[in-house]
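To keep things clear, I will list the structure first and then write my remarks on it.
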Amino acid sequence: MGTIVLIAVIILASGIGIRLIHLLNAQHDARIEAYRFSDPLPRPPGLPDDLPPTGGSGRGATAPPPAGFPPTPKGNTPT
């Protein structure tokens, strides 16, 4: 009789633990959804309102492709 009670208590404790972990994961997911980490940061004071679109320094500036070489398509590796 004692073995049956022990097994029932272990199963009950496991079920409570599983439910608690599920609730904590749902709470964490809701917190992540509420605070988007991809939102842009506020601009520091003293910077100009707009950045140059190409060249110079700034976001989105890329280096020009090397002269004499065709651009490599994305997804393909040169051989």
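Summary of computed values
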| item | result |
| --- | --- |
| Heavy atoms of Ile10: accessible area, 1.4 Å probe, square angstrom to 10 | 90 |
| Nearest-10 value in Å² for the accessible area of Leu24, using the 1.4 Å probe | 90 |
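The values are calculated or read from the model by the stated rules, or taken from the named source; none is laboratory data. Predicted model, so just to flag it, every value in this text is computed and none were measured. Quick note on the areas: whole protein, heavy atoms, side chains included, nothing else; ligands and nucleic acids left out. Shrake-Rupley method; radii C 1.70, N 1.55, O 1.52, S 1.80 Å.
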